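Written below as structure tokens is the structure these notes are about.
The values are calculated or read from the model by the stated rules, or taken from the named source; none is laboratory data. As the structure is a computational prediction, the values presented were derived from the model and not from experiment. Every residue, glycine as well, gets a Cβ built from its backbone with ideal geometry; the counts of neighbours run over all protein chains shown. To get the accessible areas, we keep the full protein, side chains included, count just its heavy atoms, and leave off ligands, DNA and RNA. Shrake-Rupley method; radii C 1.70, N 1.55, O 1.52, S 1.80 Å.
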Amino acid sequence: MNFIFVVLIFITCRGWAAPTSDPLSVFFKDKTKIEKPFELRDPFKQPQFKSEKNKEKAGYSVSGKGQYTNIVDKTVKTVEEIKLVGVLIGKERRAMVSSSSGVIILKEGMKIGEDGAELKAILPGGIILVEKIINVYGQEEYLETVIPISK
């Protein structure tokens, strides 16, 4: 009786210690060289492309989650090409800048140009731009540019 009891315990313990491998991975092991066949896309469905931010769609662009606009975003390529036309002072200050792409309205905190100069202040006489550069010694340095209102 003890012998049968020991054999039953041995068989059940051996069953618990059996390797828990996925039967599908074992099935495809010798049949294909594709490592993860279930992670591939369905060949009968159209591929889903990741949407890019501010992508133009039917006359409007998506500027954020739930924010749509039909206003074209004009940008300034360099700080040297801008000409300050006017300044709006009030609760929300705005600066009107003329460039090769037309008249652009800027507000404080916006990044201007490819170098990423930030519009720090809009004053009644002009605007102040701050640009972060790396000098010859490898140190960060800030350049302040004051652009007066053009006549």
Sketch the reach of a paramagnetic label on Thr75 as a point 7 Å from Cα along Cα-to-Cβ, and name the residues of segment 87-110 whose backbone nitrogen lies under 19 Å away. 97-110
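Take the solvent-accessible surface of the protein heavy atoms, probe 1.4 Å, and return the percent of it on segment 52-151 that carbon and sulfur atoms account for.
Using a 1.4 Å probe with all protein chains present, segment 52-151 comes out at 52 percent carbon and sulfur.
Once the other residues with Cβ under 13 Å from the Cβ of Ser100 are scored (Lys, Arg +1; Asp, Glu -1), what is the net sum? All intermediate terms of the calculation are to be shown ahead of the outcome.
Numbers: positive: Lys74, Lys77, Lys83; negative: Glu80, Glu81.
It works out to a net charge of +1.
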How far apart, in nm, are the 7 Å Cα→Cβ label points at Glu39 and Ile149? 6.1 nm
Give me, ordered by chain and number, the residues 5 or more places off Ile127 or on other chains with an amide H under 5 Å from its own placed amide H. Ile147
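Give me the compactness ratio for segment 52-151, meaning the Cα radius of gyration over 2.2 N^0.38 Å. Before the final figure, lay out the partial values.
Values: Rg = 15.5 Å, N = 100, 2.2 N^0.38 = 12.7 Å.
Against the compact-globule rule of thumb, the ratio is 1.22.
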Once amide H atoms are built 1.01 Å from N in the peptide plane, which residues 5 or more positions from Met110, or in another chain, come under 5 Å H to H? Leu119
